[in-house]
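Please read the structure below before turning to the comments.
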Amino acid sequence: MKKVLLAGLLSCLIAGQASAEQLDQDVALGMASLMICTTFYAEHDMQIEGSIVGQSAMAHRGAGIEDMVMSKETSDALDLYMKNFQAANKQQQVNICDGAIKFARESEFVKAS
């Protein structure tokens with residue numbers, strides 16, 4: 001699942017770009033939560049929540065998140081996040097996705113760009 005996330009949405013986060021800005025770990029995890037929870041909400045017919053996180057994901061992409069570089073530590077944190085989400089039951093996943101909605105509402109990344 002991480003490969004799909006990275007390939008589909010964070011495709012330009014390759015550590016070889018010397019001039020690119022470093023992606024903050026909290027923003028990377030927030031973006032991952034937006035992407036995972038967009039799918040989760042769609043699968044569970046939670047349209048309002050899905051709309052909130054989907055629109056935020058698009059805004060983050062539009063603000064340049066895909067042009068940033070991801071560190072090894074951030075990549076490892078994404079691995080752990082994905083593992084925890086996949087191991088969670090449905091109620092735990094809903095609780096995790098509450099964090100995605102909070103990130104969508106509070107993220108300074110889009111506002112700062």
Q | Close pairs (6 angstrom Cβ cut-off, 6 or more residues apart or separate chains): loosely packed, with under 14 Cβ neighbours inside 10 Å in segment 35-56, among the polar types (S, T, N, Q) anywhere | A | none
Q. Of a type in the set (Asp, Glu), open to solvent by 50 Å² or more (accessible area, probe 1.4 Å) and in contact (Cβ under 8 Å) with a residue 60 or more places away in the chain: does that describe Asp79?
A. yes
Q | Selection from segment 83-113 of residues that are touching a Gly at 6+ places or on another chain (Cβ under 9 Å), free of Cβ contacts under 8 Å to residues at least 60 places away in the same chain and not in a helix (DSSP H, G or I) | A | Ser113
Q: Mind listing whichever residues of segment 22-32 are closer than 15 Å to Asp79 by Cβ and either open to solvent by 10 Å² or more (accessible area, probe 1.4 Å) or touching a Gly at 6+ places or on another chain (Cβ under 6 Å) (or both)?
A: Gln25, Leu29
Q. Looking at Lys102, Lys111, which is the one that is out of contact with any helix residue (DSSP H, G or I) (no Cβ under 7 Å at 6 or more places or on another chain), of a type in the set (Lys, Arg) and at pLDDT 90 or above?
A. Lys102
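The values are calculated or read from the model by the stated rules, or taken from the named source; none is laboratory data. Keep in mind it's a predicted model, so treat the numbers as computed, not measured. Glycine also receives a Cβ, built like all others from the backbone with ideal geometry; neighbour counts cover every protein chain displayed. Accessible surface is based on the protein model in full, side chains and every heavy atom, while ligands, DNA and RNA are left aside. Shrake-Rupley method; radii C 1.70, N 1.55, O 1.52, S 1.80 Å.
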